[in-house]
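Presented below is the structure to which this report refers.
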Amino acid sequence: MNMTFRWYGKGNDTVTLEQIKQIPNVKGIVWALHEKPVGEIWTKAEIKKEVSYIESYGFHAEVVESVNIHESIKLGNEQRDEYIENYKQTIRNLGEFNVKVICYNFMPVFDWIRTDLFHPLPDGSTALFYDKQKLDSIGPKELVELFSSASSMTLPGWEPEKLGRIQELFEAYKGIDEEQLWENLRYFLQEILPVCEECGIKMAIHPDDPPWSLFGLPRIMTGGASLKKLLAISNSPANGITFCTGSLGSNPENDMVALASKYINRSPFAHIRNVKIYDNGSFIETSHLTEDGSINISGVMKELAEQNYDGYVRPDHGRHIWDEDCRPGYGLYDRALGIMYLNGLWDAFNLKEMEE
Ligand code: DNO
């Protein structure tokens with residue numbers, strides 16, 4: 001496995017590359033041009049600046065999370081071809097700087113959804129929390145207000161330019177059901193995958209988080225059947241998955257070990273984290289430790305080890321611990337602890353190999 005760490009860029013993150021350098025086994029930085037409006041071409045000059053900075057610390061910059069998809073592409077409207085052309089150009093430009101994987105998602109309007117970004121855990125730390133009852137009782141506008149006021153930094157997938165257009169976007173999605181969204185995803189992939197192949201880049205779709213429909217919007221990357229259907233769109237090696245245990249795993253019907261055994265070989269990128277699911281359907285993000293949550297993280301890592309997984313891995317959202325003031329879910333300390341847990345599991349499951 002190729003261990004990585006997500007970082008939001010100089011001046012846009014409380015964590016520094018100097019700090020990340022001290023976490024054992026981190027080889028690369030997962031990055032993006034977070035200030036770039038969705039749909040615009042990422043220029044070579046912009047990419048070069050970011051990649052050079054990351055590489056100057058001895059890290060690779062082979063994974064981008066995310067090049068977000070313009071709503072026109074998800075909606076399949078008249079402007080989609082223009083935005084697909086822009087996307088292709090961004091792929092070509094990233095390919096020139098040795099980027100190997102692009103993580104993206106196909107969630108309408110909203111990206112990841114929680115009701116509380118700093119919910120207390122019994123150990124005194126705080127973490128991202130999804131209160132099912134609360135979410136079921138509020139509307140999209142209240143959710144947007146909640147997110148806009150919850151963090152002083154722009155949250156990934158919650159860009160202000162989009163948040164100002166929520167009403168209009170909900171209108172536009174009225175005619176789009178799941179089948180239509182699949183059709184729009186298929187159209188997009190068939191356009192871009194040949195370009196990815198030329199450039200040596202793999203696309204890795206991120207599952208919906210949480211993996212169910214909200215506010216009547218269709219969500220299609222929700223479990224094993226979706227992963228199967230995605231892969232059936234194209235056999236191209238460029239058509240891949242971001243295997244995110246926390247997103248899919250917040251639905252207890254998704255057995256993450258079974259899914260890893262089936263799909264990790266088509267996942268160039270893996271996000272490994274744990275969540276604790278409550279009986280009422282709410283869930284909270286915990287430490288990465290298997291026994292702290294509802295997901296068998298050690299079982300997933302065993303699968304990765306058994307399949308000699310050579311893709312990119314990153315720890316995912318961490319708790320906020322030791323009074324750290326950081327981006328929600330993206331502090332230094334708990335993600336570093338998460339990495340050491342994943343490193344330990346990996347080494348333990350590979351012991352046999354080392355002894356031989
Ligand atoms: C949030 C992230 C998501 C994720 C995108 C991938 O913390 O898990 O924003 O990066 O959905 O496209």
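The values are calculated or read from the model by the stated rules, or taken from the named source; none is laboratory data. Here the structure is a predicted model, which means the values were calculated and not measured. Every residue, glycine as well, gets a Cβ built from its backbone with ideal geometry; the counts of neighbours run over all protein chains shown. Heads up: the accessible areas ignore ligands, DNA and RNA and are worked out on the full protein's heavy atoms, side chains in. Shrake-Rupley method; radii C 1.70, N 1.55, O 1.52, S 1.80 Å.
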- Task: At q = 0.07, 0.10 Å⁻¹, what is the base-10 log of I(q)/I(0) for region 2-355 according to the Debye formula with one equal point scatterer per Cα and no solvent? Please give it to two decimals.
- Result: -0.27, -0.57
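Restricting things to alpha carbons, find the Rg to Rh ratio for region 278-337 using the Kirkwood radius for Rh. All intermediate terms of the calculation are to be shown ahead of the outcome.
Values: Rg = 13.6 Å, Rh = 13.2 Å.
Ratio of gyration radius to Kirkwood radius for region 278-337: 1.03.
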- Query: Under the Karplus relation 6.51 cos²θ - 1.76 cosθ + 1.60, θ = phi - 60°, what is the ordered set of whole-Hz ³J(HN,Hα) values for region 155-169, x standing for Gly and Pro?
  - Reply: 8, x, x, 10, 5, x, 4, 7, 4, x, 10, 4, 4, 4, 5
- Can you give the accessible area of HIS60, probe radius 1.4 Å, in Å² rounded to 10? 30 Å²
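Working with all protein chains in place, sort GLU285, GLU18 by solvent-accessible area computed with a 1.4 Å probe, largest first.
Working: GLU285 0, GLU18 95 Å².
These residues rank, largest area first, as GLU18, GLU285.
Going by average Cβ neighbours within 10 Å, how do the peptides 201-214, 121-134 rank, with the highest at the top?
Values: 201-214: 23.4, 121-134: 16.9.
Ranked from most to least packed, the peptides come out as 201-214, 121-134.
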- Query: What residues have an amide H closer than 5 Å to that of ASN274, excluding those fewer than 5 places away on the same chain, when H is modeled at 1.01 Å from N in the peptide plane?
  - Reply: THR286
- Over the Cα atoms of region 126-231, what is the Rg over Rh ratio if Rh follows Kirkwood? 1.00
- Residue by residue through region 58-65, the couplings from Karplus 6.51 cos²θ - 1.76 cosθ + 1.60 with θ = phi - 60°, in Hz, x for Gly and Pro, are x, 8, 8, 10, 7, 10, 10, 9
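Using a 1.4 Å probe over the heavy atoms of the protein chains, calculate the carbon and sulfur portion of the accessible area of the chain as a whole percent. Spell out each step's value before the answer.
Values: 7090 of 14650 Å².
After summing per-atom areas, the C and S share lands at 48 percent.
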- Can you grab the distance from the C-alpha centre of region 139-176 to the C-alpha centre of region 310-324, Å, no decimals? 25 Å
- Note on the structure: Ranked by GNM mean-square fluctuation in the chain (Cα springs under 10 Å), the top entry among ILE220, ILE113, ILE138 is ILE138
- Between GLU291 and LEU351, what FRET efficiency comes out of the Förster formula 1/(1 + (r/R0)^6) with R0 = 25 Å and r the beta carbon distance, rounded to 0.05? 0.75
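Based on the mean of other Cβ atoms within 10 Å per residue, sort peptides 38-46, 245-253 so the most packed one is first. The partial results should precede the final answer.
Working: 38-46: 15.3, 245-253: 21.7.
My ranking of the peptides, most packed first, is 245-253, 38-46.
With every protein chain left in place, what is the accessible area per residue of the chain in square angstrom, probe 1.4 Å?
Accessible area per residue, the chain: 41 Å².
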- Here, trypsin sites (Lys or Arg not before Pro) of region 1-34 satisfying both criteria (DSSP loop; at most 15 other Cβ within 10 Å) are LYS10, LYS27
- Message: Using protein chains only and a probe of 1.4 angstrom, how many square angstrom of ASP323 are accessible, to the nearest 10?
- Response: 150 Å²
- Task: Multiply the residue gap between ASN12 and SER236 by 0.36 nm, knock off their C-alpha separation, and tell me the result in nm, one decimal place.
- Result: 77.1 nm
- Note on the structure: Whole-Å distance linking the alpha carbon centroid of region 31-61 with that of region 181-237 is 24 Å
- Packing-wise, with mean Cβ within 10 Å as the measure, how do 104-112, 89-97 rank, highest first? 104-112, 89-97
- Query: What residues qualify as long-range amide H neighbours of GLY311, i.e. H under 5 Å apart, gap of 5 or more or another chain, H built at 1.01 Å from N?
  - Reply: ASN2
- Would you pull out the residues with amide H under 5 Å of THR14's amide H, same chain only if 5 or more places away, H placed 1.01 Å from N? ARG327
- Message: Using a 7 Å offset from the Cα along the Cα-to-Cβ direction at both ARG165 and LYS49, what is the distance between the two label points in nm, to one decimal?
- Response: 2.4 nm
- Ellipsoid semi-axes in whole angstrom, largest first, where each is sqrt(5λ) of the Cα gyration tensor of region 246-286: 21, 11, 6
